[in-house]
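Engineer: Just passing along the structure, written as structure tokens.
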Amino acid sequence: MCHNVKVFEDSKATFRAGVWSTTPHTRLSRPHPVHELMYILEGRAEVTDCDGTKLEIGPGDAIFVAHGTVNQLALKDPLKKIFVIAEN
């Protein structure tokens with residue numbers, strides 16, 4: 001189950017930011033639909049790029065995923081993050 005709280009959105013600039021949380025799950029490998037900066041507040045996850053490179057992320061980590069980047073996300077715990085998104 002996911003929860004999303006937008007704290008800012010500018011529809012003309014296609015920019016939004018907020019807090020997102022979810023229960024453990026694995027998202028299938030797919031192109032990322034937006035440019036997204038994430039700062040992990042709680043939980044752990046594994047990000048696997050299309051070449052098989054794996055990155056473990058957890059509280060205090062920040063990652064940027066560019067639009068179109070192909071990756072898989074495996075959430076090991078309930079996860080909470082701050083997100084900043086810019087759409088094309």
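Engineer: Limited to segment 34-80, what total is found for residues that are assigned to a loop (DSSP other than H, G, I, E, B) and either surrounded by 14 or more Cβ atoms within 10 Å (Cβ to Cβ) or on the phi < 0 side of the Ramachandran plot (or both)?
Structural biologist: Just the residues of segment 34-80 that are assigned to a loop (DSSP other than H, G, I, E, B), to begin with: 34, 43-44, 50-53, 58-61, 66-69, 76-78.
With either surrounded by 14 or more Cβ atoms within 10 Å (Cβ to Cβ) or on the phi < 0 side of the Ramachandran plot (or both) added as a condition, the list becomes 34, 43-44, 50-51, 53, 58-59, 61, 66-67, 69, 76-78.
Result for segment 34-80: 15.
Engineer: Restricting attention to segment 23-52, report how many residues are over 24 Å from Ala86 (Cβ atoms) and out of contact with any Asp or Glu (no Cβ under 8 Å at 6 or more places or on another chain).
Structural biologist: The number of residues fulfilling the criteria is 5.
Engineer: While we're looking at this one, here's another question. If Leu79 satisfies all but one of (1) under 17 Å from His3 (Cα atoms); (2) without any contact (Cβ under 8 Å) to a residue 40 or more places away in the chain; (3) under 11 Å from the mean Cα position of the chain (by Cα), what's the number of the condition it fails?
Structural biologist: (2)
Engineer: Still on this structure: Quick check on segment 8-23. Is at least one of its residues touching a Lys or Arg at 6+ places or on another chain (Cβ under 6 Å), surrounded by fewer than 15 Cβ atoms within 10 Å (Cβ to Cβ) and modelled with pLDDT under 90?
Structural biologist: Kept after step one, since they are touching a Lys or Arg at 6+ places or on another chain (Cβ under 6 Å), are these residues of segment 8-23: 9, 16, 18, 20-21.
Next cut, surrounded by fewer than 15 Cβ atoms within 10 Å (Cβ to Cβ) only: 9.
After this cut, where a residue has to be modelled with pLDDT under 90 as well, the list is 9.
Yes, segment 8-23 contains at least one residue that is touching a Lys or Arg at 6+ places or on another chain (Cβ under 6 Å), surrounded by fewer than 15 Cβ atoms within 10 Å (Cβ to Cβ) and modelled with pLDDT under 90.
The values are calculated or read from the model by the stated rules, or taken from the named source; none is laboratory data. Keep in mind that what you see is a predicted model, and the values were worked out from it rather than measured. Positions of Cβ are generated from backbone atoms using ideal geometry, with glycine treated the same way; all protein chains shown enter the neighbour counts.
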